[in-house]
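J.: Here it is: the structure, laid out below.
The values are calculated or read from the model by the stated rules, or taken from the named source; none is laboratory data. All values reported here derive from a predicted model rather than from experimental measurement. Glycine also receives a Cβ, built like all others from the backbone with ideal geometry; neighbour counts cover every protein chain displayed. Just so you know, the surface numbers come from the protein's heavy atoms only, side chains and all, with ligands and any DNA or RNA stripped out. Shrake-Rupley method; radii C 1.70, N 1.55, O 1.52, S 1.80 Å.
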Amino acid sequence: METYLRMVDLPYQNYFDGKLSPQGKMPWIEYNQEQVSGTEFIIDFLEEKLGVSLNKNLSPPEKAVSQAVTKMVEEHFYWTIAYCQWVDNLEETQKMLAVSGPLSDLLKWILSRLTGSIVKREMYGHGIGRFTKEEVYSLMEKDMRTLATLLGDKKYLMGPKLSMVDATVFSHLAPAMWTLPGTRPEQLIKGELINLAIYCERIRRRFWPEWFVDLEDFCYDDTTEDDDSPSKLQDLGLYSRTDTFQDETSPPHTHTHTISPDSDLTGHSLYDSDMDTEGSEMEQLKC
C-alpha cells in the first residue's frame with residue numbers, strides 16, 4: 001500500500017498503533033474521515049476520489065493479465081513467503097524484529113512464536129499449509145519463475161511504464177531480497193532469477209531511497225531526472241546479507257562469475273542508465 005502511494009505521489013502518514021479496520025483488516029486508510037480497508041478497495045477508492053491511476057496506459061488485455069498476476073501473488077505466493085519467514089526461518093525472523101528495551105529478547109521470542117502460530121493456522125485454513133515443506137517451496141519456486149519469465153528483460157512487469165501490479169509484486173518479492181538471508185527464495189532471486197533482483201532494486205532506489213540509510217528525518221523525494229543524467233540516489237547496495245551469487249555448493253577456489261551491485265553480466269550499470277522519467281508527470285512529494 002505504501003509503495004502504491006509513493007508510485008502515484010500521494011502524501012500519507014503512518015500510524016503504528018495496531019488498530020484494525022471495522023472489518024478487522026489491515027491495511028486501512030482514513031481520508032476526510034472516511035475509512036476504507038483492503039488494498040484493492042483502497043486503490044479503487046483513491047482512483048475514484050483523486051483521479052490517480054497507474055493502469056491508464058494499459059490495454060484491456062494487459063489489465064486482465066495484471067489482475068491475474070496480482071491475485072497469484074496475493075493469494076498464493078504470499079503464503080509461501082510467509083511460510084518461509086514465519087515457520088521455516090522463525091529464528092532468523094525473530095532477530096530482525098524491531099523491539100527494544102530491557103525485555104526485548106523475551107518480547108521478540110513471544111511475538112515471533114505468536115505470529116508463527118497465527119500464520120500456520122491461517123495457512124492450514126487456506127489449504128497451502130496442508131502440504132509438506134518441500135511442496136510449499138516447490139509452489140513458491142513456480143511462482144517466482146513465472147514472475148521472472150513474465151518480466152523478462154523489461155523494466156516493469158507490463159513494459160517500460162509502471163503499473164499497479166508492480167507495487168504488488170515488488171512488495172511481495174522484497175522479503176526474498178532483504179529479509180530471508182540464505183533461504184531458497186533469496187538464492188533464487190539473487191542467482192538464477194537475477195532479473196527479479198534488478199527489478200526490485202530499481203523500484204527500491206526510486207521509491208524507497210531511505211532504505212539502508214541511517215539518517216534522521218530522511219525525506220521521500222521522487223526527483224525527476226533526464227534520461228542522460230546520472231542517478232542522484234546513493235548506491236545503497238543490492239545485497240542483504242549475501243555477498244555474491246556464488247552457489248554455496250561450489251567447491252573452494254572454483255572460479256565463478258560474481259555480479260557487482262552496480263553492473264550486469266555485460267558490465268553495464270543496472271540502475272543509473274535506465275532510471276525512469278515517468279516522474280516528470282509527478283510533483284515532488286515533500287515531507
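J.: Being open to solvent by 40 Å² or more (accessible area, probe 1.4 Å) and assigned to a helix (DSSP H, G or I) is the requirement here; does Lys108 meet it?
T.: Values: open to solvent by 40 Å² or more (accessible area, probe 1.4 Å): no; assigned to a helix (DSSP H, G or I): yes.
Criteria not met by Lys108.
J.: Here is a list of conditions, (1) farther than 29 Å from Ala167 by Cβ; (2) surrounded by 18 or more Cβ atoms within 10 Å (Cβ to Cβ); (3) of a type outside the set (Gly, Ala, Ser), and Arg113 meets all of them except one; can you say which number that is?
T.: Unmet condition: (2).
J.: Evaluate region 54-62: report whether one residue or more is modelled with pLDDT under 95 and of a type in the set (D, E, K, R).
T.: yes
J.: Still on this structure, please answer the following. Here are Lys120, Lys142: which of them is at pLDDT 95 or above and either open to solvent by 40 Å² or more (accessible area, probe 1.4 Å) or under 30 Å from Lys56 (Cβ atoms) (or both)?
T.: On the way: Lys120 fails: at pLDDT 95 or above.
Criteria check complete, one pass: Lys142.
Residue-by-condition table, conditions (1) over 24 Å from Asn55 (Cβ atoms); (2) not small (Gly, Ala, Ser):
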| residue | (1), (2) |
| --- | --- |
| Ser100 | yes, no |
| Phe131 | yes, yes |
| Glu134 | yes, yes |
| Leu173 | no, yes |
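J.: If a residue has to be surrounded by 17 or more Cβ atoms within 10 Å (Cβ to Cβ), in contact with a strand residue (DSSP E or B) (Cβ under 9 Å, 6 or more places away or on another chain) and closer than 14 Å to Asp166 by Cα to count, how many in region 33-71 make the cut?
T.: 1
J.: Go through region 1-20 and give me each residue that's in a loop (DSSP other than H, G, I, E, B) and either within 14 Å of Trp208 (Cβ to Cβ) or at pLDDT 85 or above (or both). Quick ask: steps written out before the conclusion?
T.: Going residue by residue through region 1-20, those that are in a loop (DSSP other than H, G, I, E, B) are 1, 8-20.
Of everything in region 1-20, those that are in a loop (DSSP other than H, G, I, E, B) and either within 14 Å of Trp208 (Cβ to Cβ) or at pLDDT 85 or above (or both) turn out to be Met1, Val8, Asp9, Leu10, Pro11, Tyr12, Gln13, Asn14, Tyr15, Lys19.
J.: While we're here: Whether any residue in region 181-196 is within 13 Å of Leu157 (Cβ to Cβ) and surrounded by fewer than 22 Cβ atoms within 10 Å (Cβ to Cβ) is what I want to check. First the steps, then the outcome.
T.: Start the filter on region 181-196 by keeping residues that are within 13 Å of Leu157 (Cβ to Cβ), which leaves 195-196.
Checking the rest, the ones that are also surrounded by fewer than 22 Cβ atoms within 10 Å (Cβ to Cβ) come to 195.
Within region 181-196 (the criterion being within 13 Å of Leu157 (Cβ to Cβ) and surrounded by fewer than 22 Cβ atoms within 10 Å (Cβ to Cβ)), the answer is yes, since at least one residue qualifies.
J.: Note down all Cβ pairs under 7 Å where the first residue falls in region 25-52 and is assigned to a loop (DSSP other than H, G, I, E, B), the second is surrounded by 12 or more Cβ atoms within 10 Å (Cβ to Cβ) and of a type in the set (S, T, N, Q), and they're at least six residues apart or on different chains.
T.: Filtered contacts from region 25-52: Lys25/Ser37; Pro27/Thr39.
J.: For Trp86, are the conditions met, namely being modelled with pLDDT of 95 or more, closer than 24 Å to Ser21 by Cβ and of a type in the set (Phe, Trp, Tyr)?
T.: On the way: modelled with pLDDT of 95 or more: no; closer than 24 Å to Ser21 by Cβ: yes; of a type in the set (Phe, Trp, Tyr): yes.
In short, no.
J.: Turning to a different aspect of this structure: When you check Arg202 against the structure, is it without any contact (Cβ under 8 Å) to a residue 40 or more places away in the chain and over 15 Å from Tyr78 (Cα atoms), yes or no? Lay out the reasoning, then the answer.
T.: Numbers: without any contact (Cβ under 8 Å) to a residue 40 or more places away in the chain: no; over 15 Å from Tyr78 (Cα atoms): yes.
No, not satisfied.
J.: Which one of the conditions (1) surrounded by 21 or more Cβ atoms within 10 Å (Cβ to Cβ); (2) in a helix (DSSP H, G or I) does Leu162 fail to meet, given that it meets all the rest?
T.: Answer for Leu162: the failing condition is (2).
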